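Some notes on the structure that comes next.
Values quoted throughout were computed directly from the atomic coordinates according to the rules given, and no laboratory measurement underlies them. Keep in mind it's a predicted model, so treat the numbers as computed, not measured. Backbone-built Cβ (ideal geometry, glycine too); neighbour counts: all protein chains shown.
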Amino acid sequence: MAVGIFDSGLGGLTVLDAVSKALPDVPLIYLGDNAHAPYGVRDADDIYDLTTAGVQHLFDRGCDLVILACNTASAAALRRMQEGWVPEGKRVLGVFVPLIEALTERNWGDNSPPREVGVKEVALFATPATVSSRAFQRELAFRAIGVDVEAQPCGGVVDAIEDGDMILAEALVRSHVDALKRRMPEPQAAILGCTHYPLVEEVFRAALGDGVAVFSQPSLVAASLGDYLERRPEMLGSGEPAFLTTGDPKSVEAQATLFLRREIKFQAV
Ligand code: DGL
């Protein structure tokens, strides 16, 4: 019995960590496609092919439910997967919707028409592929009106985190926040729209300053998964918990252990 969590690399561990704290009895199989990270600079077909291959692997290991703990895959591939690829009896859920529900103060499954919400100016930080997909704006438009979204493609941040170069990652975050603030000086809220960014969340918060509400995915996704499993307990599937990577297990587990502050053992897929 296990739920699958998929990301292009290490970022999905931020979601895994929150899920394992919120739902300690839910076994998890994590798959990081580190050999092909970052996804954020790839085109949509490429992201689709890599994401379906990863998710198929998790289905083959017994998962019935896979969380795409990757905004880039959620933005570029999820709709296409749900429309024609996901087999009967399996589910793939993305990480956008819980975030947008929190931003627009909606409950799960509230399908009422879009309405005015408290926030008017929102800064979105995400990978270049997520920004260019405009998936965030599209999902937001189903739920809210009158919200101005300024998006900053944060080139280089995921590469630096995957390489373990946190000094570079932090410097890049500061410069991306500066660039966004030149276009939107006083956002009310900021969305960290990439699962790698919680690893540098404090740097985002400091650069954004007080008064900006920062929305970060891990705890929102964990709460929404808990809600989902309460309604659909049969989706727990089968399979043995594991940490898997398409990359080099030794170097991935060294980084993962550093980020999660507990020992993690990765296996090659
Ligand atoms: N962590 C992923 C995301 O949430 C992917 C980053 C990447 O591979 O570029 O977008």
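Quote to one decimal, in nm, the extra length available between residue 262 and residue 168 on full extension: 0.36 nm per residue of separation minus the C-alpha distance between them.
Gain on stretching residue 262 to residue 168: 31.5 nm.
Over the chain, what relative contact order in percent results from Cα pairs under 8 Å that are six or more residues apart?
28
What percent of all Cα-Cα pairs in the range 130-211 falls in each 5 Å bin, counting up from 0?
Once binned at 5 Å, the Cα pair distances of the range 130-211 give 3, 13, 25, 25, 19, 11, 4, 1.
Taking the convex hull of the Cα atoms, report for the range 162-210 its projected area averaged over all directions, in nm².
Taking the Cα atoms of the range 162-210, their convex hull projects to 3.4 nm² on average.
Cut-off under 16 Å on the C-alpha distance; same-chain residues fewer than 8 positions from residue 90 excluded. Which aspartates and glutamates are left, in chain and number order?
Those aspartates and glutamates meeting the cut-off are 60, 64, 234.
List every residue whose amide H lies under 5 Å from the amide H of residue 3, counting only residues 5 or more places away in sequence or on a different chain, with H placed 1.01 Å from N in the peptide plane.
Under 5 Å from the amide H of residue 3: 28, 29.
Scale the Cα Rg of the range 1-85 by the rule-of-thumb value 2.2 N^0.38 Å and send over the ratio, two decimals.
1.03
Longest span of the chain, sites excluded, free of trypsin sites (Lys or Arg not before Pro) in DSSP loop with at most 16 other C-beta atoms within 10 Å?
135-260
Could you pull the Rg and Dmax for the range 203-259, using just the Cα atoms, both in Å?
Using the Cα atoms of the range 203-259, the pair Rg, Dmax is 17.2, 45 Å.
Once you wrap a convex hull around the alpha carbon atoms of the chain, what is its projected area averaged over all directions, in nm²?
It is 13.0 nm².
Please list the helices of the chain that count as membrane-span-like by this rule: a mean Kyte-Doolittle hydropathy of at least -0.5 together with Cα atoms stretching 20 Å or more along the helix axis, each helix being a complete DSSP H run.
44-60, 166-183, 217-231
Between residue 79 and residue 250, what is the spin-label point distance in nm, taking each point 7 Å from the Cα along the Cα→C-beta axis?
Between residue 79 and residue 250, the simple spin-label model gives 4.4 nm.
Compute the projected area of the convex hull of the Cα atoms of the range 81-228, averaged over all viewing directions, and report it in nm² to one decimal place.
It is 9.8 nm².
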